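Peer 1: Pasting a structure here, questions to come.
Read the figures in this text as sums done on the coordinates, not as results from a lab. Computed from a predicted model, the values in this text were never measured in an experiment. Cβ sites come from the backbone with ideal geometry, for glycine too, and all protein chains shown count toward neighbours.
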C-alpha cells in the first residue's frame, strides 16, 4: 500500500521536474537571451526529460503494485 502511494509521488515528481526545467529555461531566456544560455537549455532539456519519463514510469509500476512480494 505504501509503495502505491509512493508511485503517485514519483509520477507527480516527474511531471513537476519537467515543468520546472521548462519554466526555468523560459525565465533564463527572458533574462539573458544569449546563445550560450539557449545552447545550455537546448542540451539539458532533451537529456533530462527521458530521465523524468523513467521516474514517472517507475512510479506507474509502483502504482500498479509490480514491486510487491515476490512469489518465487
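Peer 1: Mind checking the angle between helix 2-31 and the chain's longest principal axis? C-alpha axes, 0 to 90 degrees, to the nearest 10.
Peer 2: For helix 2-31, the angle is close to 0 degrees.
Peer 1: Another one. Applying 1/(1 + (r/R0)^6) with R0 = 35 Å to the Cβ-Cβ distance of residue 15 and residue 38, what FRET efficiency is obtained, to the nearest 0.05?
Peer 2: Result of the calculation: an efficiency of 0.90.
Peer 1: Just to confirm the number: angle between the C-alpha axis of helix 35-64 and the first principal axis of the chain, 0 to 90 degrees, nearest 10?
Peer 2: 10 degrees
Peer 1: Sort 52-65, 12-25, 29-42 by packing, meaning the average of other beta carbons within 10 Å per residue, with the highest value first.
Peer 2: So the order, starting with the most tightly packed, is 52-65, 12-25, 29-42.
Peer 1: Out of every Cα pair in the chain, what percent are spaced more than 13 Å from each other?
Peer 2: When all Cα pairs of the chain are counted, 68 percent exceed 13 Å.
Peer 1: Tell me, what is the FRET efficiency for residue 2 and residue 47 to the nearest 0.05, using R0 = 35 angstrom and their Cβ-Cβ distance as r?
Peer 2: Plugging the Cβ-Cβ distance into 1/(1 + (r/R0)^6) gives 0.65.
Peer 1: Also, I was wondering about something else. Per-residue ellipticity at 222 nm for the chain, helices alone: DSSP H runs ≥ 4 residues times -39500 (n - 2.57), over residue total, nearest 500 deg cm²/dmol?
Peer 2: Calculated at 222 nm, the ellipticity per residue is -30000 deg cm²/dmol.
Peer 1: Tell me, what is the percent relative contact order of the chain, built from C-alpha pairs under 8 Å that lie six or more residues apart?
Peer 2: Relative contact order here is 61 percent.
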